[in-house]
Amino acid sequence: MEGSSGPGVRGGSGRSDDQTRYRLLFENMHTGLALHEIVLDDQGLPRDYRFLEVNPAFEELTGLRAEAVVGKSALQVLPGLEPSWIERYGDVALTGRPQRFEDYSSELGRYYEVSAFSPAPGQFATLFSDITSRKLTAQALQAAEERYRSLVESSPNAIAVHRKGRIVYVNPAGVKLIGAKSQEELIGRNLMDFVHPDYQEVVTRRAAAAYTRGEVAPSSRRSSSVSTAARWTSRWWRFP
């Protein structure tokens, strides 16, 4: 019959509607999306890739305009592109195995989280987001942690951390003050093992106040060291 479609085949209007929906999704999604084809050398190994199509989010997340990249190869657009990008994408395009990874682009100066898959032989598509802010924050926190650990480790003052009455950390000065041979000798020990019996009640109260109310109370109370010699503790405070 004129105007009818065969069994299981959508009419032109249905295909047009699908294409419109996909195009709207492609153009309005916040995740970067790009379609590429892999470029091989004479030995059949990936040496580059070509941009076939990119969405507006791609432009925003990379700073590269569509008209400047579509139809061009990655090394034409980004001459300093790290080989690892081409190797990963080549594996996806040639094997069909999807990959998900995080990497840094020195050309763009950004970190990206990428999901790559192959929609057709020799091609690969990427869905990606800019995670630079998250990465830099994590790096800054790690650097700060290392600086503070260095300060604590080198402090001439004894510093110990306990959780529920059990020692979880003590710095070298604390090991020396207590008279232990190593940090391992103290980790896991009950804090009260090192407090003189005459002062255990008051120390317990002050430790509880420090933990529950964040109070910092100076204290000079006798404590029993590993070698049973009398020592003096200095302060209680709460760690977040």
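Read-outs: derived from the displayed coordinates by stated rules, not from any lab. Note that the structure is predicted; figures quoted are calculated from it, not measured. Positions of Cβ are generated from backbone atoms using ideal geometry, with glycine treated the same way; all protein chains shown enter the neighbour counts.
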key: region 63-203 - Rg and Dmax from Cα coordinates, angstrom   = 26.6, 82
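With a ≥ b ≥ c the root eigenvalues of the C-alpha gyration tensor of region 15-132, is it rounded (a/c under 1.5), prolate (a/b larger than b/c) or oblate? Numbers along the way, then the final one.
Numbers: a/c = 1.58, a/b = 1.21, b/c = 1.30.
Oblate is the answer for region 15-132, as a/c is 1.5 or above yet b/c matches or exceeds a/b.
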ask   = Which order results if 49, 199 are arranged by neighbouring Cβ count within 10 Å, fewest first?
value = 199, 49
inquiry  = Rounded, prolate or oblate for region 106-180? Axes are the square roots of the Cα gyration tensor eigenvalues, ordered a ≥ b ≥ c, and the cut-off for rounded is a/c under 1.5.
reply    = prolate
ask   = So if we plug the beta-carbon distance of residue 19 and residue 75 into 1/(1 + (r/R0)^6) with R0 = 25 Å, what FRET efficiency do we get, rounded to 0.05?
value = 0.20
request  = Pick out, from 119, 137, 174, the residue whose Cα sits farthest towards the positive end of the charge dipole of region 116-182, with +1 on the Cβ of Lys and Arg and -1 on the Cβ of Asp and Glu.
outcome  = 174
